[in-house]
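Take a look at the structure set out below.
The values are calculated or read from the model by the stated rules, or taken from the named source; none is laboratory data. Here the structure is a predicted model, which is why all the values come from computation and not from measurement. Note that we place each Cβ from the backbone using ideal geometry, even for glycine, and neighbour counts take in every protein chain shown.
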Amino acid sequence: MFLILEGQCRVYLGLKRGEPLFLRLLEAGDAFGEIALLNQGVRTAGVETTRESLLLKVSASSLEKLVSEQPALAAQFLYHLSRSLGRQLSDLTKRLRAGREMKDVLSLIG
């Protein structure tokens with residue numbers, strides 16, 4: 001996982017054909033790679049900086065160390081991480097719903 005201390009990054013899905021699909025823009029204070037940190041899986045999207053950035057890497061081993069040595073701090077970190085993931089899931093759900101509603105409207109017109 002990476003925390004953006006300075007700068008800006010964009011998150012995208014790489015498509016096999018055509019242009020990448022833009023997902024969101026991240027600013028200082030945002031993070032990416034949370035899912036890979038928690039399940040130690042592969043990344044689900046690509047990220048690139050859009051201007052010079054300073055990132056802080058949080059590895060699985062550093063998170064494990066934080067949990068064992070500073071459980072109260074780890075609890076705060078995980079709480080904020082879960083809130084961030086919840087917001088992202090809610091935003092994605094809204095975008096999917098809006099896309100479906102648009103498709104329904106277009107099918108009525110067409």
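I'd like to verify a number: residues in segment 35-53 that are assigned to a loop (DSSP other than H, G, I, E, B) and within 12 Å of the chain's Cα centre (by Cα), how many?
Looking only at that region, the number is 3.
Quick check: anything in segment 39-48 surrounded by 10 or more Cβ atoms within 10 Å (Cβ to Cβ) and of a type in the set (G, A, S)?
yes
So in segment 1-34, with the set limited to residues that are outside any strand (DSSP E or B) and touching a Gly at 6+ places or on another chain (Cβ under 7 Å), which one is surrounded by the most Cβ atoms within 10 Å (Cβ to Cβ)?
Step by step, filter segment 1-34, then rank; the result is M1.
Here are some residues: L78, L63, L89, L56. Which one is touching a residue at least 24 places away in the same chain (Cβ under 8 Å), closer than 20 Å to L3 by Cα and either over 19 Å from the mean Cα position of the chain (by Cα) or in a helix (DSSP H, G or I) (or both)?
L63
Checking R97 against (1) more than 16 Å from the chain's Cα centre (by Cα); (2) at pLDDT 90 or above, which test does it fail?
Only one criterion is unmet by R97, namely (2).
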